[in-house]
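Okay, structure first, notes after.
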Amino acid sequence: MALPQEISPVNSDLMDGLAAASKMEWIVTEPGAAMKILWTGAETGRWAVLLKWDKGYVAGQHKHLSAAFVYMLKGKLQVRDGIINAGDFVHEPNGMLHGTTTALEDSEYLFFCDGPVLFYNDDGFTGYLGWEELERMKNKS
C-alpha cells in the first residue's frame, strides 16, 4: 500500500552518523582522565562521550545545566554517598550539583548530556563543557 504523502528526506545528504569509537584515539583531558567524543549536536546542544578514568582520579565539583545520563561499562565511581557500578544507569536532572566524583577502580562509562556542565571550586567558576568546547577538542586531536 502506498503512503499518502512523500516521506523521502528533503536533504539527500542525511544519513546515520557512525562514531567508530574503536578507531578513535583517547583525548587526555587531565592526568588520569580521557575521553572519546562520540557525537555533538549543534542544533540541540546535546553530546555523547565515552569517558575513561584511572583508579584514584577525582573529578572536580560541577553543576549540570541540563539533564545527563550515565551508563557504566566497567569500574566503579563514588558519587556523593553512592556507588555507581558496571551495568548501572544513572539519570542526573537539570540543575544537579555534584561535589567531587572519585574513580574507585579503572572505569569507563558512556555519558550523554542534553547541554553544558559548569565546573567550579571554592573560589568560583573554573570551566565550562558543552558541545562547542567538545568540537574544539576534537578538532585539535
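The values are calculated or read from the model by the stated rules, or taken from the named source; none is laboratory data. No experiment lies behind these values; they were computed from the predicted model shown. No Cβ is skipped: glycine too gets one built from the backbone with ideal geometry, and neighbour counts run over all protein chains shown.
Assess whether GLU105 counts as being part of a loop (DSSP other than H, G, I, E, B) and touching a strand residue (DSSP E or B) at 6+ places or on another chain (Cβ under 8 Å). For GLU105, the condition - part of a loop (DSSP other than H, G, I, E, B) and touching a strand residue (DSSP E or B) at 6+ places or on another chain (Cβ under 8 Å) - is met. Selection over the range 50-96 of residues that are farther than 20 Å from TYR120 by Cβ, of a type in the set (A, V, I, L, M) and touching a Lys or Arg at 6+ places or on another chain (Cβ under 8 Å) gives a count of 4. Against the conditions (1) buried (at least 16 other Cβ atoms within 10 Å of the Cβ); (2) at pLDDT below 95; (3) closer than 24 Å to SER141 by Cα, MET35 satisfies every one except (2). The set of residues in the range 83-102 being assigned to a loop (DSSP other than H, G, I, E, B) and modelled with pLDDT of 95 or more consists of ALA86, GLY87, ASP88. Restricting TYR57, TYR71, TYR109 to those that are crowded, with 18+ Cβ neighbours inside 10 Å, within 12 Å of the chain's Cα centre (by Cα), of a type in the set (Phe, Trp, Tyr) and at pLDDT 95 or above reduces the list to TYR109.
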